[in-house]
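What follows is one structure encoded as C-alpha cells, with my remarks underneath.
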Amino acid sequence: MHLVVMTGAGISADSGVRTFRDSDGLWEGQRPEDVATPEAWARDPALVWRFYQERRAQLATVNPNPAHTALAEAADRLACRGDDLTLVTQNVDDLHERAGSTAIHMHGELAVLRCEQCGNKERGLDRVQADAFLNCASCNHQLRPDIVWFGEVPFHLEQIETALLGCSHFLAIGTSGHVYPAASMLQIARERGAKTYVQALELPSNADARDAFTAGRAAQIVPELLTSITEAR
C-alpha cells in the first residue's frame, strides 16, 4: 500500500487555526490580496510582514489534534509492514511536524523565512517581532515569509506528482476542492486507479461519486477512518 494524504484547512481548524477565508471573505481581518500576493509585499511590506509575524507567533497558542496524531501513527504502522504514507499539506502551520509527521508543504511554512536575494532559508519561531524586519544571515538582505502567495508556483510539485502516480490509496482531509493545483490531486489519483477517500465537513467541489466520502470534523473522524483504510489494504 502507498497511501497519499492531502490535508487542508479543515484539519487545522480543529486545533483552533482559523481557515484562510472566513464567511466575510477575510483572513484574520485582512483581504488576501492585501497580505498574500507579491504585489502586496512590494506595495506595503510592513503590513505583510506584521501579518505573517503575528501568524507565526500564534503557532505557540495551538496544538496538534487527534487527526494530526493519527496521521503520524498511521505512517508508523505502514512503515512497520513495508508500506508507505506520503503526507502533502496545503497548510502553512507546523502541527503535522509537532505531531510526529513528515509533511510536504506545497504552500510553504510559517516556521521558515526566505531570502529573495540569495535563496537562503532560515527556520525558527523564536524571532516573531512584528515591528522589525529580519535580515538574511548569509547576505544581510531582508527576509520574507517562505509562503506561496497567490500568483506564485507551489513547492515540490514534481515530488507530489511522483507520489500520486504511484499511490494505491488517496485520502483528502479538510479541503474545499477549490484551490488548484492541490484540488487536482484527487482526480489524478482517481484516474490512476487509486481507491479515493474524502473527509470534510461538507462534500468538496472536486469530489466524485467514486470517492468514499465521510462528513464530520477531522479530529473526530480521521483516527477511525485511517484505521479502516490502512487495515483494508
Failed condition for PRO38, given (1) over 30 Å from ALA194 (Cβ atoms); (2) loosely packed, with under 14 Cβ neighbours inside 10 Å: (2)
Qualifying residue in the range 83-104 (condition: of a type outside the set (A, V, I, L, M) and over 18 Å from the mean Cα position of the chain (by Cα)): yes
Within the range 151-182, tally of residues that are within 15 Å of the chain's Cα centre (by Cα) and either within 18 Å of TRP49 (Cα to Cα) or aliphatic (A, V, I, L, M) (or both): 8
Of the criteria (1) among the hydrophobic types (A, V, I, L, M, F, W, C); (2) within 15 Å of VAL5 (Cα to Cα); (3) at pLDDT 95 or above, which one ALA215 fails: (2)
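THR214 - would you say it is touching a helix residue (DSSP H, G or I) at 6+ places or on another chain (Cβ under 7 Å), β-branched (Val, Ile, Thr) and touching a residue at least 24 places away in the same chain (Cβ under 8 Å)? Even if it seems obvious, please write down each step before you answer.
Values: touching a helix residue (DSSP H, G or I) at 6+ places or on another chain (Cβ under 7 Å): yes; β-branched (Val, Ile, Thr): yes; touching a residue at least 24 places away in the same chain (Cβ under 8 Å): no.
So THR214 does not fit the description; no.
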Some residue of the range 67-78 being modelled with pLDDT of 95 or more and out of contact with any helix residue (DSSP H, G or I) (no Cβ under 9 Å at 6 or more places or on another chain): yes
Residue pairs meeting the criteria (Cβ under 9 Å; at least 6 apart or on separate chains; first touching a residue at least 24 places away in the same chain (Cβ under 8 Å), in the range 128-141; second in a loop (DSSP other than H, G, I, E, B)): CYS139/GLN117; CYS139/CYS118; CYS139/ASN120; HIS141/GLU116; HIS141/GLN117; HIS141/CYS118; HIS141/ASN120
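Yes/no per residue for (1) buried (at least 21 other Cβ atoms within 10 Å of the Cβ); (2) in contact with a Cys (Cβ under 6 Å, 6 or more places away or on another chain); (3) of a type outside the set (Asp, Glu); (4) not assigned by TED's automatic domain parsing to the domain that holds GLY174:
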| residue | (1), (2), (3), (4) |
| --- | --- |
| VAL48 | yes, no, yes, yes |
| HIS68 | yes, no, yes, no |
| GLN90 | yes, no, yes, no |
| ASP93 | yes, no, no, no |
| ALA103 | yes, no, yes, no |
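Suppose the filter is at pLDDT below 95, outside the structural domain of ARG77 (by TED's automatic domain parsing), more than 25 Å from PRO64 (Cα to Cα) and part of a loop (DSSP other than H, G, I, E, B); does ALA130 pass it? Please lay out each step first, then the result.
Numbers: at pLDDT below 95: yes; outside the structural domain of ARG77 (by TED's automatic domain parsing): yes; more than 25 Å from PRO64 (Cα to Cα): no; part of a loop (DSSP other than H, G, I, E, B): yes.
Spelling it out, it is not the case that ALA130 is at pLDDT below 95, outside the structural domain of ARG77 (by TED's automatic domain parsing), more than 25 Å from PRO64 (Cα to Cα) and part of a loop (DSSP other than H, G, I, E, B).
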Candidate set from the range 116-164 (those that are among the aliphatic types (A, V, I, L, M) and surrounded by fewer than 13 Cβ atoms within 10 Å (Cβ to Cβ)); member that is nearest to GLU97 (Cα to Cα): LEU157
Subset of the range 157-205 that is assigned to a strand (DSSP E or B) and among the polar types (S, T, N, Q) - its residue that is nearest to LEU3 (Cα to Cα): THR196
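Is there a residue being at positive phi and either at pLDDT below 95 or in contact with a helix residue (DSSP H, G or I) (Cβ under 6 Å, 6 or more places away or on another chain) (or both) anywhere in the range 17-27? Full working, then the answer.
As a first pass, look at the range 17-27 and keep what is at positive phi: 25.
Going one step further and asking which of them are either at pLDDT below 95 or in contact with a helix residue (DSSP H, G or I) (Cβ under 6 Å, 6 or more places away or on another chain) (or both), we end up with 25.
Among the residues of the range 17-27, at least one is at positive phi and either at pLDDT below 95 or in contact with a helix residue (DSSP H, G or I) (Cβ under 6 Å, 6 or more places away or on another chain) (or both), which makes the answer yes.
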Those residues of the range 161-202 which are under 26 Å from ARG217 (Cβ atoms), of a type in the set (Val, Ile, Thr) and out of contact with any strand residue (DSSP E or B) (no Cβ under 7 Å at 6 or more places or on another chain), in sequence order: VAL179
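Considering only residues of the range 1-10 that are under 9 Å from the mean Cα position of the chain (by Cα) and of a type in the set (A, V, I, L, M), which is nearest to ALA183 (Cα to Cα)? Let's see the steps before the verdict.
Initially, the range 1-10 is screened for residues under 9 Å from the mean Cα position of the chain (by Cα), giving 6-9.
Filter once more, keeping what is of a type in the set (A, V, I, L, M): 6, 9.
On the way: MET6: 9, ALA9: 13 Å.
Across the range 1-10, the extreme among qualifying residues is MET6.
The values are calculated or read from the model by the stated rules, or taken from the named source; none is laboratory data. Predicted, not measured: the structure shown is a model, and the values here were computed from it. When we count neighbours, we look across all protein chains shown, and the Cβ atoms used for this are built from the backbone with ideal geometry, even at glycine.
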